[in-house]
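The values are calculated or read from the model by the stated rules, or taken from the named source; none is laboratory data. Predicted model only: the values in this text are computed from it and were never measured. With ideal geometry, Cβ positions are generated from the backbone for all residues, glycine too; neighbour counts draw on all protein chains shown. Protein only, heavy atoms only, side chains kept; ligands, DNA and RNA dropped before computing areas. Shrake-Rupley method; radii C 1.70, N 1.55, O 1.52, S 1.80 Å.
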Amino acid sequence: MKRTGFVITICCTLMVIATMGTTAIAGKTQSSVMTKKADGTYVVNTTTLASDVKGYRSTTPLNIYIKNGKVEKVEALKNQETPKYFAQVKNAILSKWNGQKVAKAAKMKVDGVTGATMSSDAVKENVKRGLEYYQKNK
């Protein structure tokens, strides 16, 4: 009986830890959406934030790097978009937010890529949601 109670306690504890969402690891704050590196850089991952935002074929998750209140870079993560067209989106759009203060970047109107409109729109929406999340949760 004692053994069963111990096992149940361990299982419940592990479930609570798994669902907490935020943990501290070696000076870093982490969640499934945003992590803070030791150098103060926040990384916002839009995989779950924009899981409903579709490009031409599927979702277009991003990592958004923010340091000292400015966007350092926007990085595309693995996706199912047509490589030829998504490469154009990456080259033309992702750097548009670099160096911008988060508040300004969140309001920017960025032109899409002709021929890759759906992918462009999905990337812009991912950035918008990622920056909004950062502003609310930093």
Check every one of the strands (runs of 3 or more DSSP E) wholly within the range 12-103 and list those with 3 or more residues that are closer than 29 Å to MET118 by Cα, at pLDDT 95 or above and open to solvent by 40 Å² or more (accessible area, probe 1.4 Å). 70-76
Pairs returned, first residue in the range 116-138 that is open to solvent by 60 Å² or more (accessible area, probe 1.4 Å), second residue that is part of a helix (DSSP H, G or I), beta-carbon separation under 7 angstrom, 6 or more apart or interchain, are LYS128/ALA106; GLU132/ALA106; GLN135/VAL102; GLN135/ALA106
Selected residue (criterion: nearest to SER120 (Cα to Cα)) from residues of the range 43-76 that are under 9 Å from the mean Cα position of the chain (by Cα) and of a type in the set (A, V, I, L, M, F, W, C): LEU62
Kindly establish whether LYS136 is in a helix (DSSP H, G or I), charged (D, E, K, R) and either over 19 Å from the mean Cα position of the chain (by Cα) or modelled with pLDDT under 95 (or both). no
If ALA106 satisfies every condition in (1) closer than 17 Å to VAL44 by Cβ; (2) aliphatic (A, V, I, L, M); (3) surrounded by fewer than 16 Cβ atoms within 10 Å (Cβ to Cβ) but one, which is the exception? (3)
